[in-house]
Every structure is written in C-alpha cells, then in structure tokens.
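Asks: One structure follows; several queries about it will come next.
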Amino acid sequence: MTKKRVVFMGSPPFAVPSLRALAEAGHEIVAVYTQPARPAGRGQKEQKTAVHMAAEELGVTVRTPERLREAALDEVLALEADVFCVVGFGMLLPKALVEARVCVNVHPSALPRWRGATPVQSALMAGDKTTEVCIMRLEEGMDTGPVYDRTGVEIAEDMDTAQLNDIVWSIGAKRLVYVVENLDALKAVAQVGEATRAVKITAQTRPVDWRKTAWEVHNQVRALAPAPGATAEIGGEVVKVLRTEVVDKNGDFGQILAVDAAGMVVACGAGAVRIVTLQRAGKRAMPAAEVARGWEALAAGKCFKAL
C-alpha cells in the first residue's frame, strides 16, 4: 500500500476520529485546515476547534483561514498532497480547489437523500429505518458529487442524534482510510434517485406540536437530543424534552394522561408518548418522574401549551 500525503479539513469533535485514523494508518498529514478559534462558554474565551487541538497533539501544521480565497486559496493549492479529506469543515470549498484536487468527504446519509449540514438529525426526524455513510468526491454543488464507498447503517427506533453520530462517524473514519488507501483503484459512482435537502435546525424547529402523531413527536425529540433539545411549555415554563417512548394511549393532545416512576404519558394527535427525560431551565437533565415530583403543573390532567 502506498502511503498518501493528505490535507485534512475539519472542525467539530466528530471529525477527530477520521484525522486520527488517517494518521494511525501511516498517511502523512501535510496540514490541517479548521475553523478559527471563537469565543465559547460562560467566559466567552477563545476556544480552538476539536480538530485543531487533535492536530496539535499529532504535531501537525494547523491553518485557520476565515475564507479560502485569494492568498489563502493560493496557499492551499500550493500544498503537495495526493488527496484532501474533508469532514465537517464548516465551509464550502471553492470551485478552484475541488476542480484542481481530489477532495473526498465523509457524509452520513444515503445520498442523494439528506444533502446538507444535518443529515443525521434529518434521518431521525423523518423516521428513517436505515441510513448510510458515504465517502464521496466533492464538486462545486452541495453534496452532489459521485460516491466512492457506501456503508449501510440500521437506525433503532429509540436512537437519538448522539447515539447515531457515534456510529456513523466511527464508520466514516474507517471507510475514509479505506478510500484513501485504494483511491487509485476505486471508481466514484454518480448519485441516483430523488435528492432531498437536510432539515435546517432553528428555534422554530424545537417546539413540540402535540397535534402531531406520537411517532412524529418521538422522532422530533430524538433528532434534537441531546442538543439543542425539543421544547414544550407548561405552567408558564419552557422545558426541554430529551427522551420519549411511543405508547398505546389516547387522549386530548397535549394532556398529561399519567405520571409514574417510568415517566409522564402525554397524548398526541394520534397515540401518546411517555416523556422519560426532561430538563428545566438552568437545571440538569433528569428523569421526568423526578421533575414532576412537587411541581403541580406536571400532574395527570394538566396540559402542555398548544402551539
């Protein structure tokens, strides 16, 4: 196997396994590109990205341009590398780069389904039973490039975003190494089928609409867990709903049908969900039964506010 010279482009924690896997496989990391340090946390201190810190541990050169334009673009194009590996970089690569160099990307969806920035959340919110991890070649369009490698992943009905992320990005790191090592022999295959755009997660995405079916509510909750979290209002307070189960109950949507040690059963437009985990503002996430203890608003017969 011929070792490759790699430029790695990534920023968030889920990109770190791919960077480390390439290094551990013996490929030379020529440089790492990542987002600049930004204020974070209560103190708003400048914080480097997870990839930046991992690259420093590996002793790799790190570059943090605000944009890949002009001098920054000339600099990256001048690098002697066999392949550019992109995992959650946080910005679109310019046409000049993707046309001049082989740029491969880890994308955790069954492309062309869920093109965009939130493929994991989108699959969960839609109630997809399966997804894929694709290693694709980047081109000018958003996630439109041909695919070198696909790995299927089953999605359990109680799996949330954190759990699915753990699975897909671990697979992505392994398959990225495989593609890099076999790049000369692999043929990228054009995407086929109807393209769908990943859901944009905004403040408007978070409130639970209890008029929806129990499965729709459950899928929304797990897609947004653990962060930013689905929200619901009761007793004049907005709480985060972080874990639910679908149960065979019926009632007026938004009404609490029962509260017991297992959680809190809330009626939906069709069926009901049991809220297992809740979080009040400024508090830690807790079992719903504990949150309800001593809070009159979370008693059987009470109702969550309708949208």
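The values are calculated or read from the model by the stated rules, or taken from the named source; none is laboratory data. Everything numeric in this text was worked out from a predicted model, so none of it was measured. Every residue, glycine as well, gets a Cβ built from its backbone with ideal geometry; the counts of neighbours run over all protein chains shown.
Asks: Counting just the residues of the stretch 140-174 that are of a type in the set (S, T, N, Q) and over 16 Å from the mean Cα position of the chain (by Cα), which one comes out farthest from V247 (Cα to Cα)?
Replies: Within the stretch 140-174, the subset of a type in the set (S, T, N, Q) is 144, 151, 161, 163, 165, 170.
Still in the running and over 16 Å from the mean Cα position of the chain (by Cα): 144, 151.
Details: T144: 39, T151: 32 Å.
Only one residue tops the list, namely T144.
Asks: Filter the stretch 104-120 for residues that are within 11 Å of the chain's Cα centre (by Cα), hydrophobic (A, V, I, L, M, F, W, C) and surrounded by fewer than 23 Cβ atoms within 10 Å (Cβ to Cβ) and give the result. Give the steps one after another, and end with the answer.
Replies: In the first step, residues of the stretch 104-120 are kept if they are within 11 Å of the chain's Cα centre (by Cα); the result is 107-109, 116-120.
Applying the additional criterion that residues be hydrophobic (A, V, I, L, M, F, W, C) yields 117, 120.
Selection gives A117 alone.
Asks: Now a separate question. Are there strands (runs of 3 or more DSSP E) fully within the stretch 211-300 with at least 3 residues that are touching a Ser or Thr at 6+ places or on another chain (Cβ under 9 Å) and among the aliphatic types (A, V, I, L, M)? List them. Break it down into steps so the answer makes sense when it comes.
Replies: On the way: elements: 230-234, 237-247, 256-260, 263-267, 272-279.
The strands (runs of 3 or more DSSP E) meeting that bar are 237-247, 272-279.
Asks: Here is a further query. For the stretch 145-177, name all the residues that are surrounded by 16 or more Cβ atoms within 10 Å (Cβ to Cβ) and among the hydroxyl-bearing types (S, T, Y).
Replies: Passing the criteria: Y148, T151, T161.
Asks: State all residues of the stretch 14-67 that are among the charged types (D, E, K, R) and closer than 23 Å to V168 by Cα; if no residue qualifies, say none.
Replies: Pass one, the stretch 14-67, residues among the charged types (D, E, K, R): 20, 24, 28, 38, 42, 45-46, 48, 56-57, 63, 66-67.
Within the stretch 14-67, R20, E24 meet the criteria.
Asks: For the stretch 196-209, enumerate the residues that are exposed (fewer than 14 other Cβ atoms within 10 Å of the Cβ) and assigned to a loop (DSSP other than H, G, I, E, B). So that I can check it myself, show each step before the final result.
Replies: First, the residues of the stretch 196-209 that are exposed (fewer than 14 other Cβ atoms within 10 Å of the Cβ): 200, 202-204.
Passing the criteria: K200, T202.
Asks: If you check A261, A306, A272, A285, which single one turns out to be touching a Leu at 6+ places or on another chain (Cβ under 7 Å) and surrounded by fewer than 17 Cβ atoms within 10 Å (Cβ to Cβ)? Spell out how you get there, then give the answer.
Replies: Values: A261 fails: touching a Leu at 6+ places or on another chain (Cβ under 7 Å); A306 fails: touching a Leu at 6+ places or on another chain (Cβ under 7 Å); A272 fails: surrounded by fewer than 17 Cβ atoms within 10 Å (Cβ to Cβ).
None of the other options fit; the residue is A285.
Asks: Continuing with this model, one more query. Just wondering, is there one or more residues in the stretch 61-75 that are under 20 Å from the mean Cα position of the chain (by Cα), touching a residue at least 24 places away in the same chain (Cβ under 8 Å) and on the phi < 0 side of the Ramachandran plot? Show your work before the answer.
Replies: We begin by selecting, within the stretch 61-75, every residue under 20 Å from the mean Cα position of the chain (by Cα); these are none.
The answer is no, given that none of the residues of the stretch 61-75 is under 20 Å from the mean Cα position of the chain (by Cα), touching a residue at least 24 places away in the same chain (Cβ under 8 Å) and on the phi < 0 side of the Ramachandran plot.
Asks: Test each condition in (1) under 22 Å from A227 (Cβ atoms); (2) touching a helix residue (DSSP H, G or I) at 6+ places or on another chain (Cβ under 7 Å) for L77 and report the one that comes out false.
Replies: So the condition that L77 fails would be (1).
Asks: Here are some conditions: (1) of a type in the set (G, A, S); (2) assigned by TED's automatic domain parsing to the domain that holds A100; (3) modelled with pLDDT of 95 or more. A190 meets all but one. Which one does it not meet?
Replies: (2)
Asks: Sticking with this structure for a sec: Of all the residues that make up the stretch 145-179, how many are touching a strand residue (DSSP E or B) at 6+ places or on another chain (Cβ under 7 Å) and either within 26 Å of F84 (Cα to Cα) or modelled with pLDDT under 95 (or both)?
Replies: The total comes to 17.
Asks: Here is a further query. Which ranges mark the strands (runs of 3 or more DSSP E) fully within the stretch 34-135 that have 2 or more residues being touching a Gly at 6+ places or on another chain (Cβ under 8 Å)? First the steps, then the outcome.
Replies: Numbers: elements: 38-40, 45-47, 83-87, 103-107.
Strands (runs of 3 or more DSSP E) meeting the threshold: 83-87, 103-107.
Asks: Right, here's the next one. I'm trying to understand the selection: among the residues of the stretch 229-257, which are among the aliphatic types (A, V, I, L, M) and surrounded by fewer than 17 Cβ atoms within 10 Å (Cβ to Cβ)? It would help to see each step written out before you state the result.
Replies: Residues of the stretch 229-257 that are among the aliphatic types (A, V, I, L, M), as a first pass: 230, 232, 234, 238-239, 241-242, 246-247, 256-257.
Listed by number, the list holds a single entry, V238.
Asks: Within the stretch 19-41, restricting attention to residues that are under 15 Å from E57 (Cβ atoms) and touching a residue at least 60 places away in the same chain (Cβ under 8 Å), which residue is surrounded by the fewest Cβ atoms within 10 Å (Cβ to Cβ)?
Replies: Residue satisfying both the conditions and the ranking: R20.
Asks: Quick check on the stretch 215-235. Is at least one of its residues at pLDDT 95 or above and over 18 Å from V273 (Cα atoms)? Write out each step before concluding.
Replies: We begin by selecting, within the stretch 215-235, every residue at pLDDT 95 or above; these are 215-234.
Now restrict to residues that are over 18 Å from V273 (Cα atoms): 227-228.
The answer is yes, given that some residue of the stretch 215-235 is at pLDDT 95 or above and over 18 Å from V273 (Cα atoms).
Asks: When the stretch 1-25 is examined, which residues are found to be outside any helix (DSSP H, G or I) and either within 17 Å of E80 (Cα to Cα) or under 18 Å from the mean Cα position of the chain (by Cα) (or both)? Full working, then the answer.
Replies: Initial filter on the stretch 1-25 (outside any helix (DSSP H, G or I)): 1-12, 25.
If the condition is that a residue be outside any helix (DSSP H, G or I) and either within 17 Å of E80 (Cα to Cα) or under 18 Å from the mean Cα position of the chain (by Cα) (or both), then T2, K3, K4, R5, V6, V7, F8, M9, G10, S11, P12 are the ones that fit.
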